[in-house]
Each structure stands twice: as C-alpha cells, then as structure tokens.
Amino acid sequence: MSTPKRYYITTPIYYVNDAPHIGHAYTTLACDVMARFKRLDGYDVHFLTGTDEHGQKVEKSAAAANSEPQAFTDKVSQNFRDLAGFMNYSNDDFIRTTEARHKKSCQAIWQRLVDNDEIYLGSYAGWYAVRDEAYYAEEELITNADGKKIAPSGAEVEWVEEPSYFFRLSNWGDRLLEYYDNKPDVVLPKTRLNEVTSFIKGGLRDLSVSRTSFNWGIPVPGDDDHIMYVWLDALTNYITAAGFPDTDCEKYQNFWPADLHMVGKDILRFHAVYWPAFLMAAGLEPPRRIFAHGWWTNEGEKISKSLGNVIDPIELVEHYGLDQVRYFLMREVPFGNDGDFSHSSIVNRMNSDLANDLGNLVQRVLSMVHKNCEGRVPVLDTEGFISPDQKLLDQAIAMLDTVRRQLDGQSFHEALETVWLVVRAANAYVDHQAPWKLRKEDPQRMAYVLYSLCETIRYLGLILQPFMPDSCHKILDQLNINHNQRDFEAFSDEYALKGGTVLPKPEGIFPRFIELESADKAS
Ligand code: MSP
C-alpha cells in the first residue's frame, strides 16, 4: 500500500500585543503557498495558524489598553483572523491559546512530563525579557550605549526571583543532536543548524517552565500558584490542533508529527531546541522540519514601532494589489535570507515580471486567439507540432517536477525563477514564430503556434495558483478550464485544451503600476 499523502504545516502563533505587520503576513504567506501547492499535488493538508494570548507581555498590553486580558485578546486576535481572510490564506484551523481545547492539551503534556520525571520544583533567580518572553543567562546579556544590560535581541531584561518548576533540558542535549543527525533537513536553512548545535554544545541548563508573579496563563496541574511558562503553552498549540491529548484520534494519527513548522529566525531556538526536547521527554514524536526565514527591513531600516516604519500588510495590498504583494514577497528574497522592502523594488517586480513578462504573454496570446481564431482554442489539423512547439511544451510540463523539488526545500524564489524561465521562453517563442505573420501565409501553422502558447499558459496558470490564486483563477477562466481540472493531475497533455472550445473575451490581469506624482510617491 502506498503511504497516504498528508501534510501538516504551521505558522508561529502570533502575540496579540500588536496589530499584524508584514512579518506576520510573510510567515503565513509562505505557509499558504506550501499548503496550496501540496493540496494541488494531491495531499490531504492541514494548515494551522493562530494567536499566542497568554504571558506577561500580553497581560501588560491589556493593562495598557485598560482592558481585561480576555476582552483584549478577543479583540486583537480577531485582527489576525481578518488578516488571514484579507490575504487569501487557506488555513484549515485558527487556534487561540485561550481556548478550552488548548488548556486541556497543555495540562496533559505537563502531566506526561511530570509522570516521566522531567519536571521538578525549584526556584529561579535570573534575567527575563518580557518582550521576548525568554530567560537569559548572565553571559548572554550585552551592554547598551547607556551602560544598561539588555538581551542580545535588544529587549530590556528584568531580574526575577521566584519559585519555579524546571524542565530537565540539560538531559536532552545528546538526544537533540542525534535528532538533527538522523533527519538531515530537520532544521533549514542548513546554516541555521550551526547556531542551534553550538547553543546545545555550549551546555544546556534546565529550563524554568512556570511563573508565580502574575497569573495570565494556564494553571499548572495540581499547583494553582504557578502558571505555565508561555513558550511551553504556546508551542503546545501545534499538538492541540492535531487533537492532543487524544493521540489515538484520526487527526493525530494522520497529522502528527508536523511536516513543517515555519518560523522567523528569532524564534528558532524555541522550536528547534525546546520544542523537540519537550516532545521527546513527553514520549511524543518531534516535528519533521523547522524552517527559519529571515527578516524584512523597510527601505534599508530595521522595522520597529519606535521608528514608526512598521509596514501594514493591508495598506500594502490596497496600494499594490494582493497577488502583486504575494508574488513580490515570495520572489524578491531568497527564502531564509533577510530582505529589504522598498517601493521601487516592488514596482519593478510588478512592472517587469508581472506586467511585461507574464501579463503581456497572456494578453497578447489570448488577444490573437480572439481576433484570429474566432475566440476559440485553435483547431489543429494533421500537420503536427514541430520541434520549437514541442520544446516549449516539454519545458512547461517539466517545470512541475523542478518546482516540486524546490518547494520541498522551501525555495520559493527558485521555484518562481523556474516558472519564469518558461514565461520568458514562451515570449521568445512568440517573437520567433511571429504568429501575426502566419495568419495569411500559413494559417494552420499559426493555429499550432497559438495552440502551443495557450497550452503553455494553461501550465503556467496551474502552477502559479499557490502564489497568486486570484490571478491564476482568472487566467484559467480565460482558457475556459473546468474547475475540476485545475489540480496537478491536469499537468499533462491528457488534459490538453480541446480545439474549438469557446473562450471568453480576454482581459488584462496584471496592470502596470503607474507612479502618481509627488504625494503618492513620497508615501
Ligand atoms: N508568539 C511567538 C511565537 C510562538 S510560536 C509557538 C512570537 N510571535 S510574534 O508575533 O512576535 O512573531 C511572529 C513571527 O513574526 C516570528 O516568526 C517573527 O520572526 C516574525 N517577524 C516579526 N518581525 C519580522 C520582520 N520584520 N520580518 C519577517 N518576519 C518577522 O514570536
């Protein structure tokens, strides 16, 4: 029996102390592209996102907003749900850590850790950064320009002394190193694995996993004075949504371990060290992959609230268009690296890749078909395809395997480059074959050329759906393709366009971005 094709992918769950920004939109977008690709490729996909609602940081933000934490989180969490709709994310679930299913799951994993003697009661005296919700050892701290000790992330730290439960993280170093060795791509990009292993080789200390000095969190079972450390609570969301603690349920059986936890580079340690250690210690399987992507800057500057340069994804979409933003974010930067957002770079991508290359190809081919073939897919007689036609079609069909392999390594930018090789080849083919000349000279040859181009556009429309769902929907509609022939089953000549099929009147899909003078440009 072949193994069933299942795929479980997660975003980090977002802190609700803030409105969603480009960083949040980016992580979830990458997951959305993966999820959509896998669905089209025949997988049963579970795509999870949600909000991280407990802890001191959220409690403080609620107090600052003069609100009870629950009312505050209800409100802000909704912004993230709305963003998912707005960005056209196809998540199957949205988890909130304040839900009852999650409390039950956290208490169950805690109990397993206690039963396995992985947790003991002690007391913590050390540094804590509320912004990162992280403990730091003295030697990790740096001194800022004012002579103040701060976390390496730049966050303020405070001295904390309180009774605390500890997780025996120090016992897990070797098992973690073995886990990375056994699954070579478990942490990607590869360069990031070095960071993780050197942290482990530096010696792991037991980790404080409960707090007593505030109470916005999940109570420790059997000891109401303590609430769970927010990262233990937050990480557990990934198994909650897979049905934990019911490890026999269909969902858990089907979807755990997760195939991919997508995270930003700042939270890799939590995902690649603490989380697999918690899971293994609880007798559960660790995830198959953790991918850490880079960070965006804005016109060369670090994005921060104090600089007032936070990028609001909604404004971005309203300004440039949804699929344009989705395309840009996935294309501009090698996934895993840091990247810079700038007005000129997105306009450049919109005008050259989308309007000139892809948009122009679709528009000029479909207009010629409309004008010269009575608005129908060209009808072919027995003349047959010649070598340049076949070469183009072969290249188009072959891109699926390449893109599949590239996306299996989360190489989104390379996958798009692969697709654009075909877009460019198709444009060059139009120029060489000059179908407008063939109309009078050799109408059958013209039919073959336009047909080969329509087929190539069909493949392009199919493969780009995960990146630009709405625009590809329009492209496939313009070719009058059945909705049940839009997955990758249809990526073969078995599903080729039928000559004579009536096509709707073509319409432009990727408009050029025209600069509005002064005010708009400066914004
Ligand atoms: N709540 C934790 C995650 C818990 S997961 C069990 C958290 N939340 S967060 O809201 O602060 O950050 C979420 C994600 O946004 C992180 O993956 C982070 O890397 C990402 N980004 C925040 N700013 C970013 C940029 N400027 N650029 C790209 N991504 C960035 O951490």
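The values are calculated or read from the model by the stated rules, or taken from the named source; none is laboratory data. From a predicted model like this one, the values you see are computed outputs, not experimental measurements. Note: ideal-geometry Cβ built from the backbone for every residue, glycine included; neighbour counts use all protein chains shown. Accessible surface areas use protein heavy atoms only, side chains included; no ligands, DNA or RNA. Shrake-Rupley method; radii C 1.70, N 1.55, O 1.52, S 1.80 Å.
Quick notes on this one:
- One residue stands out in the range 233-249 among those that are near the ligand (Cβ under 10 Å from one of its atoms) and either open to solvent by 10 Å² or more (accessible area, probe 1.4 Å) or touching a residue at least 60 places away in the same chain (Cβ under 8 Å) (or both): the one that is farthest from Tyr165 (Cα to Cα), namely Tyr238.
- Scanning the range 286-305 for residues that are over 19 Å from the mean Cα position of the chain (by Cα) and within 14 Å of the ligand (Cβ to nearest atom) turns up Asn298, Glu299, Gly300, Glu301, Lys302, Ile303, Ser304, Lys305.
- In the range 258-272, the residues that are of a type outside the set (Val, Ile, Thr) and assigned to a helix (DSSP H, G or I): Lys265, Asp266, Leu268, Arg269, Phe270, His271, Ala272
- Total residues in the range 13-29 satisfying the condition of being touching a Ser or Thr at 6+ places or on another chain (Cβ under 6 Å), assigned to a helix (DSSP H, G or I) and within 8 Å of the ligand (Cβ to nearest atom): the figure is 1.
- Strands (runs of 3 or more DSSP E) contained entirely in the range 273-388, each with at least 3 residues that are of a type in the set (D, E, K, R): none
- Condition met for Asn66 (outside any helix (DSSP H, G or I), open to solvent by 10 Å² or more (accessible area, probe 1.4 Å) and more than 16 Å from the ligand (Cβ to nearest atom)): yes
- Condition met for Leu438 (open to solvent by 10 Å² or more (accessible area, probe 1.4 Å) and either in the same structural domain as Asn91 (by TED's automatic domain parsing) or part of a helix (DSSP H, G or I) (or both)): yes
- Matching residues, the range 369-388, being touching a Leu at 6+ places or on another chain (Cβ under 6 Å) and either crowded, with 17+ Cβ neighbours inside 10 Å or free of Cβ contacts under 8 Å to residues at least 24 places away in the same chain (or both): Val369, Val377, Pro378
- Scan the range 1-12 for residues that are within 15 Å of the ligand (Cβ to nearest atom) and in a loop (DSSP other than H, G, I, E, B) and the total you get is 2.
- The lone criterion from (1) open to solvent by less than 30 Å² (accessible area, probe 1.4 Å); (2) among the β-branched types (Val, Ile, Thr); (3) without any contact (Cβ under 8 Å) to a residue 40 or more places away in the chain left unmet by Thr143 is number (1).
- Single match in Gly264, Gly339, Gly283 (criterion: assigned by TED's automatic domain parsing to the domain that holds Asn116 and either within 10 Å of the ligand (Cβ to nearest atom) or touching a strand residue (DSSP E or B) at 6+ places or on another chain (Cβ under 6 Å) (or both)): Gly264
- The residue list Asn360, Asn351, Asn356 contains one member that is in contact with a Lys or Arg (Cβ under 6 Å, 6 or more places away or on another chain), surrounded by 14 or more Cβ atoms within 10 Å (Cβ to Cβ), of a type in the set (S, T, N, Q) and assigned by TED's automatic domain parsing to the domain that holds Ala425, which is Asn351.
Rundown of residues vs (1) open to solvent by less than 20 Å² (accessible area, probe 1.4 Å); (2) part of a loop (DSSP other than H, G, I, E, B), yes/no style:
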{"site": "Ser170", "(1), (2)": "no, no"}
{"site": "Arg205", "(1), (2)": "no, yes"}
{"site": "Phe214", "(1), (2)": "no, yes"}
{"site": "His226", "(1), (2)": "yes, no"}
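- Considered as a group, the residues in the range 30-52 that are farther than 21 Å from Asp401 by Cβ, acidic (Asp, Glu) and more than 9 Å from the ligand (Cβ to nearest atom) include one that is surrounded by the fewest Cβ atoms within 10 Å (Cβ to Cβ), and that residue is Asp44.
- Ile311 being open to solvent by less than 20 Å² (accessible area, probe 1.4 Å) and at pLDDT below 95: yes
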